[in-house]
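What follows draws every value from the coordinates through simple rules; no lab data is involved. Keep in mind that this is a model prediction, so the values were computed, not measured. Neighbour counts are summed over all protein chains in view; Cβ atoms, including those assigned to glycine, are modelled from backbone coordinates with ideal geometry.
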Amino acid sequence: MATALKRILSFKEAPIVFLILVVALLCGVFVPNFLTAANLVNILSQSATVGIMAIGITLVIISGSGGIDLSAGSILGVSSIVMAMTIIPPELYRDTAAMLVLPNDYWVIFKALVFCMGVGMFCGFLNGAMVAWVGLPPFIATLAMMTAARGLAAYISAGIPTYGLPTSLVWVGQNSLWFVPVPVALMIALAVIVHIILTRTTYGMSLLAVGGNRETSRFCGMNVKGTLISVYVICGLFAAVGGVILSARSNQAHPDAGIGYELSAISAAVLGGTSMMGGSGGVLGAVLGAVFLSLIQNPINLLNIPVAYMKPIMGALIVIAVLLDQWRKKQSIGD
Amino acid sequence: MLKSVLKLCFAAIAVNILFAAAFAGQPRVAVVVKTLTGDVFQLKMAEAARDKAIELGADATIYQAGGQTAVQRMVQIIEDLITQQVDVIVISPLDSKAVVPVFQQAKEEGVIIVCMDQVAEGDDYVTFISTDNYAAAALGAEFAKEQLGGKGKVLVVEGAPGSSVGDDRKNGFKDTIVKDSRIEVVGSQSGYWTNERAMAAMENMLQANPGVDLVFSCSDGMTGGILEAIKLAGKEGRIKVISFDGSSFGIELIKEGKIIADVAQFPIKIGQMAAEIGIGVFNGTVDPASLPKFIDSGTKLITAENADESLADAF
């Protein structure tokens, strides 16, 4: 029995899985209409954007020395605006009135996706350069990017939100492969890929080493600066992918899209057992953390609870998750 | 080096004095709003106020706090405007309490303050021009009652928590729709004035209340997301939607048959009236003592019947 418990506790995802099960069980018993396939699918779909961002942010946090990306929400905003502006002809873009009906021109959509992700990676690269080459603290560097990218989104779009994207793009946000919504499938696929990279490749090992002890890694001849820059680029890319999902799901591009999402994504990473100290953590936990965040929003809407009650509850749950994680570490390192 | 710097300074001062002389007697008007980003209502209101002020011979500029919750930035802007000794501030306060001290300071300095869309506490402003949000939402509720034949289940998607405008709309709708009817408000949740969060709230509420007949959206800015949620739940055409704002976007949705009504506000009228009154008080043609503390800029229910004509003066 004790060894079984110990085995379970050796997984850093154990606390978040436990929390998800507890909340889901309570909701299943007490909240009518909670345990329906459609509702559970909704919860997963609603978590996809934050989940995908959280994968990137987890890598940044693992990179250590206060690694954090506050700009992910703003990068999401600017990259999704760039995507929409590539697709929508300028004369239609200024027409704020209509729900646009746009043709499925695959070449244009492809170009838009490339630009969108390119902008995300470029912003991420600037973050990485400020951290690795200039030596700014990640908090400051990405805070600057957060303001700059949001301002850029407002400037290039003239502050105008647009409605209506080509149906093939909306498919990515709203349709399902068998029973799994495309955003959820994408989130799971990206999480599995990054998980394998993090645990099974040299790059992943060196990232964990850089995060664990930067000086030692440098003395061992690792490319510390290159590794640092790469995680910010990946984080920017994933923020852009989150932007594609968010726009496609809501069929809209908005210059203010994704405000505050970076904090949800950071919460998701922490809930999933990633240490803010760097050097340890996992992306599967981060995705589960994102699922947990939409899971607790759901009964609030279902039971029609006033919103003011929810935020203190969320704060408390984050603390509980971290305490559980610390307890787990003590148990599994043990005795 | 020093000499050329000094020269430059003198030149700058001279230019400043010249400009000040050229604009003497011309009121300086500052239009202060929350944000122009993603908020067509604020944009049109601010532009209308500025353009009206310029038309009346004033020197007018728009300042934006840069966010729906950038309270501190707005306070700083007002402080700077007092230092620059502007004559009239036409403002949409972000927070009814936070601006009170700077409003007092401005009033002591003789600056004329006109509030539009949102109000501040105290009585340091000459008047407040806005839609009567409670009454306007009640107008939407009356129409909803008629459409539902006096019975059914409705949902409300609210604005951001703590927004007085959002609360007025929500309460105006809820209070009116349940009065003398067998209509029940089965869910009322915040969409935080944003599309994607309105969509998530709507999706979740539809799970709890699959048999709902009508939804009231507290802003056109959230209606796109609500419609996506209804479409994804496969209930398109079975749930009636009433929205609030009367933007061209909302009216187009009525024409497409996606929503049944939109309660209109008139941001352009609000902005123009605010500028007119501010400059009137400055010129002495309007007596601030005779002004009511609240001026209703009016409202109108837009349905399929009057959608086309309403589009002409919509924002």
In debye to the nearest 20, how big a dipole does the range B:46-183 give about its Cα centre with +1 on each Lys and Arg Cβ and -1 on each Asp and Glu Cβ? 940 debye
Out of residues 5 or more away from B:Val32 or on other chains, whose amide H comes under 5 Å of its own, with H placed 1.01 Å from N in the peptide plane? B:Tyr63, B:Val90, B:Ile91, B:Ser92
Lysine pairs in the range B:207-315 8 or more apart or on different chains: how many have alpha carbons under 22 angstrom apart? 12
Pop a pseudo-label 7 angstrom from the Cα along the beta-carbon direction at both A:Thr3 and A:Val108 and give the gap in nm to one decimal. 6.5 nm
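By count of other Cβ within 10 Å, fewest leading, how are B:Ile112, A:Ile318, A:Ile193 ordered? Mind showing how you got there, number by number?
On the way: B:Ile112 23, A:Ile318 17, A:Ile193 12.
Taking fewest neighbouring Cβ atoms as first place, the list is A:Ile193, A:Ile318, B:Ile112.
Taking the radius of gyration and the Kirkwood hydrodynamic radius from Cα positions alone, what is the Rg/Rh ratio for the range A:12-333, to two decimal places? Show your work: numbers first, answer last.
Values: Rg = 19.7 Å, Rh = 20.1 Å.
When Rh is taken as the Kirkwood radius, the ratio is 0.98.
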Lys/Arg Cβ at +1, Asp/Glu Cβ at -1, dipole of the protein assembly as shown taken about the Cα centre: which of B:Gly225, A:Ala4, B:Val29 is farthest positive-ward? A:Ala4
Ranking request for peptides B:171-178, A:232-239, B:189-196: highest mean number of other beta-carbon atoms within 10 Å first, then the rest in descending order. A:232-239, B:189-196, B:171-178
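Can you tell me how the protein assembly as shown classifies by the Cα gyration tensor, rounded, prolate or oblate, using a/c under 1.5 as the rounded cut?
Working: a/c = 1.96, a/b = 1.29, b/c = 1.51.
Oblate is the answer for the protein assembly as shown, as a/c is 1.5 or above yet b/c matches or exceeds a/b.
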How far, in degrees from 0 to 90, does helix B:2-22 lean away from the longest principal axis of the Cα atoms of chain B, to the nearest 10? 70 degrees
If you project the alpha carbons of the range B:105-204 onto the principal axes, what extent comes out on each, in Å, largest first? 56, 31, 16
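How do the peptides B:74-84, A:164-174 rank, highest first, by the average count of neighbouring beta carbon atoms within 10 Å per residue? Each step should come with its number before you reach the end.
Values: B:74-84: 17.2, A:164-174: 19.0.
In descending order of packing, they fall as A:164-174, B:74-84.
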Tell me the label-point distance for the pair B:Asn283, A:Met277, using the 7 Å Cα-to-Cβ offset, in nm and rounded to one decimal. 7.1 nm
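Normalising by the residue count of chain A, find the relative contact order in percent from Cα pairs under 8 Å and 6+ residues apart. Before the final figure, lay out the partial values.
Working: 583 pairs, mean separation 120.8, N = 335.
With pairs under 8 Å counted, the relative contact order is 36 percent.
Using the crude model of +1 on Lys and Arg Cβ and -1 on Asp and Glu Cβ, and no other charge, please compute the dipole size for the range B:155-239 relative to its Cα centre, in debye to 20.
Details: 9 positive and 12 negative charges, 29 e Å.
Dipole of the range B:155-239, to the nearest 20 debye: 140 debye.
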Stokes-Einstein, Kirkwood over Cα pairs, chain B, 4 °C, 1.567 mPa s; D in µm²/s equals 62 µm²/s
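How high is the relative contact order of the range B:157-315, in percent, counting Cα pairs under 8 Å that sit 6 or more residues apart? Mind dumping the intermediate values first?
Values: 219 pairs, mean separation 29.0, N = 159.
Relative contact order of the range B:157-315: 18 percent.
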Compute, for the range A:12-333, the length of the dipole vector about the Cα centre, with Cβ point charges of +1 (Lys, Arg) and -1 (Asp, Glu) only. Units Debye, rounded to 20. 640 debye
Averaged over residues of B:197-204, the number of beta carbons from other chains lying within 10 Å of each residue's Cβ is 6
Sorting B:Cys115, B:Met74, B:Ile89 by the position of each Cα along the dipole of chain B (Lys, Arg +1; Asp, Glu -1; all at Cβ), the one nearest the positive end of that ordering is B:Met74
For the protein assembly as shown, what is the calculated [θ] at 222 nm in deg cm²/dmol (nearest 500), taking -39500 (n - 2.57) for each run of four or more DSSP H residues and dividing by its residue count? -19500 deg cm²/dmol
If you average the alpha carbon positions of the range A:266-335 and of the range B:34-65, how far apart do those two centres end up, in angstrom? 44 Å
Taking beta carbons within 10 Å but only from partner chains, what does the mean come to for residues A:155-167? 3
Inter-chain shielding of A:293-301 (mean C-beta neighbours from other protein chains, 10 Å cut-off): 3
What does the highest-first list of B:292-303, A:108-119, B:137-148, A:71-82 look like by mean Cβ count within 10 Å? A:71-82, B:137-148, A:108-119, B:292-303
Percent RCO, i.e. relative contact order, over chain B, from Cα pairs under 8 Å lying at least 6 residues apart: 18 percent
So for the pair A:Ser65, B:Gln105, with labels modelled 7 Å out along Cα→Cβ, what separation do we get in nm? 4.1 nm
